[in-house]
Amino acid sequence: MIVRKSPMEIERMHASGQLVGRILAALHEAVKPGTTTMDLERQALAMIRAAGAQPAFKGYYVAAVGKKFPAALCTSVNDEVVHGIPSRRRVLREGDIVKVDCGVLLDGYYGDSATTIPVGQIPAETERLLRVTREALDLAIQQMVGGRRLFDVSGAVQRHVEGNGFSIVKEFVGHGIGRQLHEEPQVPNHIDPGVRNVRLRVGMVLAIEPMVAAGDSRTRILRDRFTAVTVDGSNAAHFEHCVAVTRNGPRLLTAV
Ligand code: MG
Ligand code: MG
C-alpha cells in the first residue's frame, strides 16, 4: 500500500529532510585527505542528537543479512557502492570518492539523503561519473508530477546514465518514505518490468537514489555482510533526495 501524505505531514518530512541536508552539507565541508569515515560518523551522530532526532540506520535490522546496521551513516568509498560501515581505519585519500548516506527520524517522520563527495582533486572521468549521476537524479525529480508514472522517474535516470556510457546498479532501489524508512513503492533506477508502474499522485513522497557504476554494474557483498562493491572494482556514485509530489509540482525535501 502506498501511503500518501497530507500537506502537514509533508511539512514535517521537510523538517527531517532539512536536518539530513544540513548534515550532508557539513560532511561535505569536513571531507579532506586524512579524514576517516569514523570522523564523519561521529560528526553526523552529534548533529542528529543535537537536533533531538534519532539515526535511522543505526540498529536498523536487515532481514536479508540477519543483522542490525551498526552506524548512523553508510560510508562507501570508490568501488563500494552502498552500505559501507564507518571505520577509524578507513582513511580517505586524495582522489577518492566517498558516498555518504544519512537517514534520520524526527518527530515521527524519516528523512533520507545521500551524496558522493570528492576527496581533494579527483580524475576528470570520476568527476564526470559524479556529474552524470547527479544530473540523472535532477531529471528524475522533474518527473515527480501528479498524473505521471513511476517509470517516468525510472526512465529519466536510465536514459541519462546509459546515454552517457555508464551503467545502473540494479540490485538496489529507491523507495517510498514517511512514517517508515522504507515504504512502497520501490523506485528502480531503470524500467523494471517486475515492478508495477504506479501512477504518481499528490501526497506521494519518494526517496529517489540512482546508483551508477563507471564499469560493470554488478555487485557483490563483502565479508562484513553489508558493503556492496562493484564486481570489477570500478568506481560508483550515489545521490539521493526525498521528493514529494505536490499540487505545485515536485518539492525537494532534503536539499538545503
Ligand atoms: Mg539513503
Ligand atoms: Mg534511501
Counting other beta carbons within 10 Å of each residue's own, what order do 238, 182, 175 fall into, fewest first?
182, 175, 238
If I build a Gaussian network model for the chain, linking alpha-carbon pairs within less than 10 angstrom, which residue out of 159, 128, 49 has the largest mean-square fluctuation?
49
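Please report, largest first and rounded to whole Å, the three semi-axes of the ellipsoid equivalent to the chain, where each semi-axis is the square root of five times an eigenvalue of the C-alpha gyration tensor.
Working: eigenvalues 135, 97, 54 Å².
Calculated on Cα positions only, the semi-axes equal 26, 22, 16 Å.
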Please build a GNM for the chain, connecting alpha carbons under 10 Å apart, and tell me which residue among 86, 123, 188 fluctuates the most.
123
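Order of 221, 97, 10 from fewest to most other C-beta atoms within 10 Å? Walk me through the numbers before you get to the answer.
Working: 221 14, 97 25, 10 21.
Fewest-to-most Cβ neighbours within 10 Å comes out as 221, 10, 97.
What is the chain's relative contact order, in percent, from Cα pairs under 8 angstrom and six or more apart in sequence? Intermediate values should be presented prior to the final figure.
On the way: 643 pairs, mean separation 61.0, N = 256.
Relative contact order, the chain: 24 percent.
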What the 10 Å binned alpha carbon P(r) of the stretch 71-143 shows, as percent of pairs per bin from 0, is 17, 43, 31, 8, 0
Find the lysine pairs in the chain meeting two conditions, Cα atoms under 30 Å apart and a separation of 8 or more places or different chains, and report how many there are.
16
Residue-averaged 222 nm ellipticity for the chain, from DSSP H runs of 4+ at -39500 (n - 2.57), nearest 500
-9500 deg cm²/dmol
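Check each of the GluC sites (Glu not before Pro) in the stretch 120-218 and keep only those in coil by DSSP with at most 15 other C-beta atoms within 10 angstrom; list them in order. If you can, show how the numbers build up before the last one.
Values: sites: 125, 127, 135, 162, 171, 183; in loops: 171.
Loop-located and lightly packed - 171.
Could the peptides 245-254, 106-115 be put in order, highest first, of the mean number of other beta-carbon atoms found within 10 Å of their residues?
Numbers: 245-254: 18.2, 106-115: 22.0.
Going by the mean number of other Cβ atoms within 10 Å, highest first, we get 106-115, 245-254.
Tell me, what is the percent relative contact order of the stretch 16-143, built from C-alpha pairs under 8 Å that lie six or more residues apart?
Details: 225 pairs, mean separation 35.4, N = 128.
Here the relative contact order equals 28 percent.
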Where the only charges are on Cβ atoms (+1 Lys, Arg; -1 Asp, Glu), what is the dipole of the chain about its Cα centre, to the nearest 20 debye?
620 debye
Which residue fluctuates most in the GNM of the chain (Cα springs below 10 Å): 71, 214, 63?
63
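If you take the C-alpha gyration tensor of the stretch 1-141, multiply each eigenvalue by 5 and take the square root, what semi-axes do you get, largest first, in whole Å? Write down the numbers at each step before the final one.
Numbers: eigenvalues 131, 70, 45 Å².
Equivalent ellipsoid of the stretch 1-141: 26, 19, 15 Å, largest first.
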Pairs of Cα atoms under 8 Å, at least six residues apart: use those to get the relative contact order of the stretch 93-208, whole percent.
25 percent
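How big is the Kirkwood radius of the stretch 171-226, worked out from every pair of different alpha carbons and given in Å to one decimal?
For the stretch 171-226, the Kirkwood estimate is 13.2 Å.
The numbers here are math on the coordinates, done by the rules we state, and not lab data. Please read all numbers here as calculations on a predicted model, not as lab measurements. Positions of Cβ are backbone-derived with ideal geometry, glycine not excepted, and every protein chain shown enters the neighbour counts.
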